[in-house]
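First up is the structure itself, then whatever we jot down about it.
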Amino acid sequence: MKFKPRLLATLVALGSITSPGAFATNGYFLHGNGVKAQGQAGVSIAQPQDAMAAANNPAGTAWIGDRLDVGATLFAPDRSAEIEGNGAGANGHYNGNAKNVFLLPEIGLSKQLSDRLGVGLAIYGNGGMNTDYRSNPYAAFGSRGSVGVDFTQVFFTPSVAYKFTERQSFGIGLNLVYQRFAAKGLSAFANPKFSSDSTNMNDRGHDSATGIGLRLGWQGQLTDDLTLGLTWASKIKASKFDRYAGLFANGGSFDVPENYGAGVSYKLTPQLTLGVDVQEIKYGHVRSVGNDFDAPSLFGGNSFGSTNGPGFGWRDITIYKFAASYALTPELTVRGGYSHAEQPIPSSQTFLNILAPGVIQDHASLGLTWSVRSNNELSVAYTHGFAKTVNGNSSIPQAFGGGESNLKMSQDILGVAYAWKY
């Protein structure tokens with residue numbers, strides 16, 4: 001199949017669309033890149049299946065042949081917060097779903113240059129977050145209007161992979177990131193008492209930031225049935241959100257955390273393949289994400305936007321993913337998976353995370369791929385992020401009336417992709 005430059009340019013433009021982002025299922029990272037991986041709860045490190053391999057483990061680009069994958073994922077999150085025992089009058093239940101359906105497109109392209117060398121390009125939403133509370137949980141402290149954040153993180157990952165033996169490959173990719181952010185309804189904190197740059201903290205519209213990082217991967221077939229994979233992505237030091245220099249620590253800095261993982265794929269029978277991935281995301285090593293929000297810090301010289309200013313208090317997390325796929329016929333494969341993640345948000349950090357209630361820990365996925373023709377595939381995946389509540393514990397500082405803020409979230413995700421092999 002031949003692609004005209006104009007068609008390819010149109011597809012790349014589609015992939016770069018930055019729709020408002022919903023919360024992904026593992027903190028703010030997407031649980032799996034590519035619809036096939038989504039149908040396996042994200043299992044993909046040792047099991048490349050499509051041209052999105054560059055996003056999961058670039059070493060897999062050497063094994064998947066010439067293909068183009070175009071897909072889209074719909075997110076429907078349900079996020080809410082509750083405040084209780086507050087002396088300032090903020091008690092109540094708050095619904096953050098003023099907008100609750102989001103679209104994330106994805107594109108993967110791969111090409112075999114020789115029997116040993118492959119190149120690829122993946123364009124995808126790595127993650128994001130969005131909340132919109134028409135009833136403002138911070139109104140009792142002086143905020144006006146609705147409150148929420150809108151954050152989108154899009155990756156462009158070109159990659160190259162080389163088979164240095166018949167059974168092993170090494171891959172390298174560049175993670176080019178584009179980030180977009182806006183916040184509103186935080187006027188209670190947008191004053192010199194709380195922010196180092198109060199004019200650049202709230203209601204400044206959308207701002208953007210970019211950065212570049214490295215992704216490495218290895219894949220090895222130990223036997224005909226057993227395959228291992230390793231992948232690592234560097235921390236990306238992104239440019240700053242200047243319009244929110246008074247909100248994020250270190251003058252608007254919002255870097256992408258380092259992450260890495262290992263995977264195992266085992267073909268139990270000619271039809272049945274099992275897979276396990278373990279992934280680590282270092283949220284706690286990014287100041288604007290990992291710094292705690294607490295009164296001693298806020299009133300002790302570390303105001304919003306300062307070098308060590310408050311963040312969302314997220315911790316590093318480890319994610320465990322399990323999957324199985326079964327070829328019912330040569331044309332139809334079904335798959336499923338389950339994953340469990342550690343909780344990124346401690347109970348002491350729920351107050352500011354009303355804006356970012358990424359508390360989901362468990363999700364289950366189902367998917368299938370149907371070979372429509374010899375050179376075309378249709379893949380579908382559905383994932384449910386199970387409802388999780390994190391109750392606050394000493395979460396609201398006494399300076400804001402004390403009490404507790406409780407967070408709750410669940411999510412439904414539907415992905416569809418079509419592939420051309422050429």
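Below are the figures for this structure:
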item: Residue within the range 386-406 that is closer than 30 Å to residue 328 by Cα and not polar (S, T, N, Q) present; result: yes
item: Some residue of the range 306-320 being surrounded by 16 or more Cβ atoms within 10 Å (Cβ to Cβ), touching a residue at least 12 places away in the same chain (Cβ under 8 Å), of a type in the set (Phe, Trp, Tyr) and touching a strand residue (DSSP E or B) at 6+ places or on another chain (Cβ under 9 Å); result: no
item: From the options 347, 410, 379, residue that is touching a helix residue (DSSP H, G or I) at 6+ places or on another chain (Cβ under 6 Å), surrounded by 16 or more Cβ atoms within 10 Å (Cβ to Cβ) and modelled with pLDDT of 95 or more; result: 379
item: Selection count, the range 299-332, where residues are touching a helix residue (DSSP H, G or I) at 6+ places or on another chain (Cβ under 8 Å) and not charged (D, E, K, R); result: 13
item: Residues of the range 223-235 that turn out to be surrounded by fewer than 22 Cβ atoms within 10 Å (Cβ to Cβ), in contact (Cβ under 8 Å) with a residue 40 or more places away in the chain and not polar (S, T, N, Q), as a count; result: 6
item: Scan of the range 166-203 for residues that are under 24 Å from the mean Cα position of the chain (by Cα) and basic (Lys, Arg), ordered by number; result: 180, 184
item: Residues within the range 236-272 that are under 23 Å from the mean Cα position of the chain (by Cα), surrounded by fewer than 22 Cβ atoms within 10 Å (Cβ to Cβ) and aromatic (Phe, Trp, Tyr), tallied; result: 1
item: Restricting the range 204-222 to residues that are under 20 Å from residue 176 (Cα atoms) and among the hydrophobic types (A, V, I, L, M, F, W, C), the residue that is farthest from the chain's Cα centre (by Cα); result: 216
item: Scan of the range 55-98 for residues that are over 29 Å from residue 378 (Cβ atoms), out of contact with any His (no Cβ under 9 Å at 6 or more places or on another chain) and among the charged types (D, E, K, R), ordered by number; result: 79, 84
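Each row is one residue, and each column tells you yes or no for (1) in contact with an Asp or Glu (Cβ under 6 Å, 6 or more places away or on another chain); (2) at pLDDT below 95; (3) among the aromatic types (Phe, Trp, Tyr); (4) in a loop (DSSP other than H, G, I, E, B).
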| site | (1), (2), (3), (4) |
| --- | --- |
| 193 | no, yes, no, yes |
| 205 | no, no, no, yes |
| 208 | no, no, no, no |
| 214 | no, no, no, no |
| 240 | no, no, no, yes |
| 243 | yes, no, no, no |
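The values are calculated or read from the model by the stated rules, or taken from the named source; none is laboratory data. What you are looking at is a predicted structure, and each value in this text was computed from that prediction instead of being measured. Positions of Cβ are generated from backbone atoms using ideal geometry, with glycine treated the same way; all protein chains shown enter the neighbour counts.
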